[in-house]
Amino acid sequence: MVKFLLLIVVNFALIVGGLTLGGFRLNLSNSQPVGLYREVSGGWDRGDLVFSCLPQKVAAIAVERGYLSTNAVNCGGHTPVLKRVMALPGDRVDIADQVFINGEVVPNTDLQEADSLGRGFEMASSGPVADGQVWLIGNEIKYSWDSRYYGPVDQSLIMAKVRPVWTF
């Protein structure tokens, strides 16, 4: 029985490894629909889905709270996040009861005071997006922990633009 379970685990690892080498990425987080995504060529822009690392300080909080796992070989040991690029350098982001970018409300960005376990959130500061930074938001899911709580992310942390292949 142990050999059978080991065989299943090894085969699963080989399949996931092969998919990753083929430009496919598996999302198991709650920030976007769970499923299979494929890297697409070309640069990313506002509205694009991207896999991104987080700044180490932010990632440490996410790991401590269980939002991210530490089983990844990239991103300094934590798993990347899957979010939409919502604001670019020169845009103005305002945080109120929702997120506003250049005066327009971003749908489904009601701010939460705490996560599902009652742990409080700090809110990011309003202001212009600096050169070399972006705001990443997961507004498809109500309780996404994203830039509205930790602020902008350096563009160099973006790993890949992706499109959903199969999600549920």
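Read-outs throughout are calculated quantities, based only on the coordinates presented, and are distinct from any laboratory measurement. Here the structure is a predicted model, which means the values were calculated and not measured. FYI the Cβ positions are ideal-geometry reconstructions off the backbone, even for glycines, and counts take in every protein chain you see.
Helix 56-65 and the longest principal axis of the Cα set of the chain meet at an angle near 70°. Across q = 0.21 Å⁻¹, the stretch 55-121 modelled as identical point scatterers on its alpha-carbon atoms has Debye log10 I(q)/I(0) values of -1.04, in the order of the q list. Each eigenvalue of the Cα gyration tensor of the chain, multiplied by 5 and square-rooted, gives one semi-axis; in descending order these are 30, 18, 14 Å.
Could you tally up the Lys pairs in the chain with alpha carbons closer than 25 Å? Skip any pair fewer than 8 positions apart unless they're on separate chains. The number of close lysine pairs in the chain is 6.
Computed about its Cα centre, the charge dipole of the chain is approximately 700 debye, with only Lys, Arg, Asp and Glu carrying charge at their Cβ.
On C-alpha positions alone, give me the angle between the axis of helix 2-21 and the longest principal axis of the chain, in degrees, nearest 10. Taking the Cα atoms of the chain, the angle to 2-21 is about 50 degrees.
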